[in-house]
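Coordinate-derived values only; no laboratory data. Remember, predicted model here, so these are calculated numbers, not experimental data. Here Cβ is always computed from backbone atoms with ideal geometry, including for glycine, and neighbour counts include all displayed protein chains.
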2 protein chains.
Amino acid sequence: MTQTNILYAQSGGVTAVINATAAGVLAAAREHSDEFGTVLAAHNGILGVLREDLYDTASLTDAEIERLSRTPGGAFGSCRFKLKDIDEDETHYRRLIDVMAAHNIRVFFYNGGGDSADTAHKVSQIGDRLGYRVQCIGIPKTIDNDLALTDTCPGFGSAAKFVTVATLEASLDVIAMADTSTKVFILEVMGRHAGWIAAATGVIRNTQADPPHIILLPERAFSRESFLAAVKQSVADHGFCTVVASEGVCDEHGRFLSDTGRRDAFGHAQLGGVAPVIADLINQELNLKCHWAVPDYLQRSARHLASAVDFEQALAVGRAAVEMAHAGENAVMPVIERLADAPYRWRTTSVPLAEVANRERTLPDEFIASDGFGITALAKRYFQPLLAGESYPPYREGIPDYARLEMANVEKRLPSYDA
Amino acid sequence: MTQTNILYAQSGGVTAVINATAAGVLAAAREHSDEFGTVLAAHNGILGVLREDLYDTASLTDAEIERLSRTPGGAFGSCRFKLKDIDEDETHYRRLIDVMAAHNIRVFFYNGGGDSADTAHKVSQIGDRLGYRVQCIGIPKTIDNDLALTDTCPGFGSAAKFVTVATLEASLDVIAMADTSTKVFILEVMGRHAGWIAAATGVIRNTQADPPHIILLPERAFSRESFLAAVKQSVADHGFCTVVASEGVCDEHGRFLSDTGRRDAFGHAQLGGVAPVIADLINQELNLKCHWAVPDYLQRSARHLASAVDFEQALAVGRAAVEMAHAGENAVMPVIERLADAPYRWRTTSVPLAEVANRERTLPDEFIASDGFGITALAKRYFQPLLAGESYPPYREGIPDYARLEMANVEKRLPSYDA
């Protein structure tokens, strides 16, 4: 048998379009059936590889793969698990090799964020280090948009589109009622260390009166005084104030705002949520009626409003990974290169995994307005095309008809392994 | 001049489709230009009438009206304001008459929920009581679905569709990660006294394994013990647990769960949010990782995913109100009558305002599963058609192209009035 199999695994927080990347991998691999046998998908990421818990995707029809591409979440299961350094402990790496050898796997695609790029890079070295020839290719995914060396990360555009549309819609609600009801609305969005998602909502602000009036970013220390002054000013000038806050916004001492010693009736530290903290502050200091929202997972799973550009890029990196494998590459990652802002043009290109691993890209200074509460025209030019187009899922009786894959579990050939 | 003008006002919390009702009124009134002059829209509901703060909609093009119909929020502004009883204080009623007389208004449409039906009913009596002939017609609107005598309320279907889709999508996210991350997800939805929105999410549950595993309703007292047992069981059986909680869920003593004496570091009572309270409870008692979401206004403004049935019904009640006015009716409200579940058929019909005012419809017992944590097959048959169809707004550069109406303010003819 000259064909070898491909192993695909999803890692870290899932997104609205990571399954589109999976679909891109599956579809492209089938076009190279001369070289590639089946695509085996690990159940729950690298853990599934270690546990030899694999699905065989061969039974999926092309129609099922298409439907998979329009389904949010991680269809094969994902995990949060960091491999130890190979110099520290080879055990897991030897097990990976056993599993790959047992299933004739010579290509491993690891679809994740910065940590996963690190894992993928480690695995890419086992050919030289442990004598098993395997091509390991990372595939980017993260709503946080914080990967280095790519113009954007598949998953980000859809999360950004959802929260931006939500900001616009909720603001239309607030302005309609502000005379006799809520005057300040706070939307808390994901972004613990980088404010990409919060910043993207700035694309809808064309005049001073437009929301969001204030964007709070982890890249800028939160100042109580200037924040409260800005809220007051917005309510005075426009009748209301919409605030978009990154979950990771910190005070001048670098302490998360959501960790301000809040305790419940039992003295237990309260679970996160920077929005209620800010709402309390506004209530106490300005006596303005606030509402707040925390969409949490809704923002990263909102496939019902995926960005068409994001969807296409998610598909494209999956396909590109297969082409790179076909070309014999190892220790690389397909990324998005921007060729032009307007009209937007992009292509996939390849970067070394070693240069992506463990690097975090925060918002550049030139994207942040001088008062720290908004974004610049440069930032708008960056964000706008990433939100473009609506990729809708199919519906049945009013509910998205998301894929429920029926796949065979691959028969185990190895002793069980505790991971 | 034989034509008389129509006055239209929006009241109470706005919805994703209340502007569709406005559009229905405007379009239908234009079809009766022999009888009706212009439609004047009050700025911020009944307050705008009292303040003589009115827009003239005559300048809106048909294309603008169409775009208005696909725009969330209340385009003319809404308010929370309850008129005193006419026996108690006639002042406001006399002012309403002055404003209507000054602008040749003989038809008043008040578009709101239960309180607004009460206001509309009071205004409908001023012909007899204060000698000014006016037809007052209430038009239903509320995401809470708690109005009497109508099968459903425009606004509800879209809110229910959004939270149901969100429940499905977030659950796909959770199940993908549950092995190494979040095991319990709590979605808090609106519904202070009635659990219609939370209950609707039950339509996606076809097997025990499907989310939502637990629905918490204001109609059932919260029992810590049985709730925690159900969460534990769901995680054991399915690997995760999705909880949809109405904001108004109460304990056995009728106390809101979100009001459990929680205090911040300064000793201030904490702002609402039943989801974080439940998450704390699960953390403390079961030691399971939780995430929670509070979409707040996002759920009632999510025009990007409106139910097509809800949209059509919102338009229809606006049109029906005009036809009822044209037929000379007073003190009535157009409502939705269900003719069949599947295939779903409905029509608008008319009910007396007096019978709608101040009545609240909670979930019927026969819609609630015996354990109190789910819905019955009967409930599913009720909810399913209300979520059907996707009414999408137009987009421009990735963002919904919502209406921004440019309308003339009507010149004031009366002394100013403090309301």
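Among B:Gly239, B:Gly328, B:Gly374, the largest mean-square fluctuation in a Gaussian network model of chain B, built with springs joining Cα atoms closer than 10 Å, belongs to B:Gly328.
For the protein assembly as shown, the Kirkwood hydrodynamic radius from C-alpha pairs, put into Stokes-Einstein at 25 °C and a viscosity of 0.890 mPa s, yields a diffusion coefficient of 88 µm² per second.
The Cα trace of the range A:1-91 gives Rg and Dmax of 14.1, 45 Å, the first to one decimal, the second as a whole number.
With the alpha-carbon atoms of chain A aligned to their principal axes, the span from lowest to highest coordinate is 74, 45, 41 Å, starting with the largest.
Placing one equal scatterer on every Cα of the range A:327-383 and applying the Debye formula, the log10 ratio I(q)/I(0) at q = 0.19 Å⁻¹ is -0.87. When the Cα atoms of the range B:156-301 are aligned to their principal axes, the ranges along those axes come out at 41, 36, 26 Å in descending order.
If you take all other residues with their beta carbon under 14 Å from the beta carbon of A:Phe383, and give Lys and Arg +1 and Asp and Glu -1, the sum is 0. On a C-alpha basis, how far is the centre of the range A:286-306 from the centre of the range A:230-255 in Å? Whole number, if you could? Using only Cα atoms, the two centres lie 15 Å from each other. Take a quick pass over chain B and tell me how many lysine pairs come in under 23 angstrom between Cα atoms, counting only ones 8 or more apart or on separate chains. Close lysine pairs found across chain B: 11. With Cα atoms defining each centre, the range A:322-391 and the range B:103-171 are spaced 47 Å apart in the structure. Packing here is the average count of other Cβ atoms within 10 Å per residue, and on that basis the peptides B:154-162, A:124-132, A:150-158, highest first, run B:154-162, A:150-158, A:124-132. Comparing B:Asp280, B:Asp53, B:Asp87 in a Gaussian network model of chain B, where Cα atoms under 10 Å apart are tied by springs, the biggest mean-square fluctuation is seen for B:Asp87.
Per residue of B:174-185, what is the mean number of Cβ atoms on other protein chains within 10 angstrom of that residue's Cβ?
On the way: counts 4, 5, 16, 13, 4, 11, 8, 6, 3, 0, 0, 3.
What the average comes to for B:174-185 is 6.
Distances between equivalent label points of B:Arg347 across the copies, with each point positioned 7 Å along Cα→Cβ, amount to 6.3 nm, shortest listed first. When the alpha carbon gyration tensor of the range B:192-251 is reduced to an equivalent ellipsoid, the three semi-axes, largest first, read 20, 15, 7 Å. For peptide B:70-80, the mean count of partner chain Cβ atoms within 10 Å of a residue's Cβ comes to 5. Distances between copies at A:Glu35, taken between label points 7 Å from Cα along the C-beta direction, are 7.5 nm in increasing order.
Counting Lys +1, Arg +1, Asp -1, Glu -1, what net charge surrounds B:Phe162 among other residues with beta carbon under 14 Å of its beta carbon? Before the final figure, lay out each step's value.
On the way: positive: A:Arg303, B:Lys161, B:Arg300, B:Arg303; negative: A:Glu169, A:Asp173, B:Glu169, B:Glu188, B:Asp296, B:Asp310, B:Glu390.
The answer is -3.
Against chain A, whose longest principal axis is taken from its Cα atoms, helix A:274-286 shows a tilt of about 10°.
Here each label is just a point 7 Å from Cα along the line to Cβ, and for B:Leu339 and B:Arg129 those points are 3.8 nm apart.
Build a GNM of chain A with springs between Cα atoms under 10 Å apart, and of A:Ala340, A:Ala199, A:Ala170 the one that fluctuates most is A:Ala340. In nanometres and ascending order, the distances from the B:Glu360 label point to those of the other copies are 4.6 (point 7 Å from Cα along Cα→Cβ).
Any idea what the dipole of the range A:156-301 comes to, in debye rounded to 20, about its Cα centre with Lys/Arg Cβ at +1 and Asp/Glu Cβ at -1?
Details: 12 positive and 16 negative charges, 29 e Å.
For the range A:156-301, the charge dipole is close to 140 debye.
What residues of the range B:58-73 lie in the reach of a label at B:Ser33, counting those whose backbone N is under 17 Å from a point 7 Å from the Cα along Cα→Cβ? The answer is B:58-66.
Explain nothing, just the number: dipole magnitude of chain A about its Cα centre with +1 on each Lys and Arg Cβ and -1 on each Asp and Glu Cβ, in debye rounded to the nearest 20. Intermediate values should be presented prior to the final figure.
Values: 39 positive and 54 negative charges, 36 e Å.
For chain A, the charge dipole is close to 180 debye.
Spacing of the modelled spin labels on B:Asp237 and B:Arg381, each 7 Å from Cα toward Cβ, amounts to 2.4 nm. Look at the stretch B:381-388: the mean tally of other chain Cβ atoms within 10 Å of its residues' Cβ atoms is 2. Using the Cβ-Cβ distance between A:Ala58 and A:Ala101 with R0 set to 30 Å, the FRET efficiency works out to roughly 0.95. A simple charge model with +1 on the Cβ of Lys and Arg, -1 on the Cβ of Asp and Glu and nothing else charged puts the dipole of the range B:97-158 at about 320 debye relative to its Cα centre. For chain B, the mean residue ellipticity at 222 nm estimated from helices alone is -10500 deg cm²/dmol, where every DSSP H run of n ≥ 4 contributes -39500 (n - 2.57) and the total is divided by all residues, rounded to the nearest 500.
DSSP bridge analysis restricted to chain B gives an antiparallel fraction near 40%, rounded to the nearest 5.
All other residues whose Cβ lies under 14 angstrom from that of A:Arg345 are scored, Lys and Arg at +1 and Asp and Glu at -1, for a net of -1. Across the options B:Tyr132, B:Ala308, B:Tyr93, the greatest Cα extent toward the positive end of the charge dipole of chain B (unit charges at beta carbon of Lys, Arg, Asp, Glu) belongs to B:Ala308.
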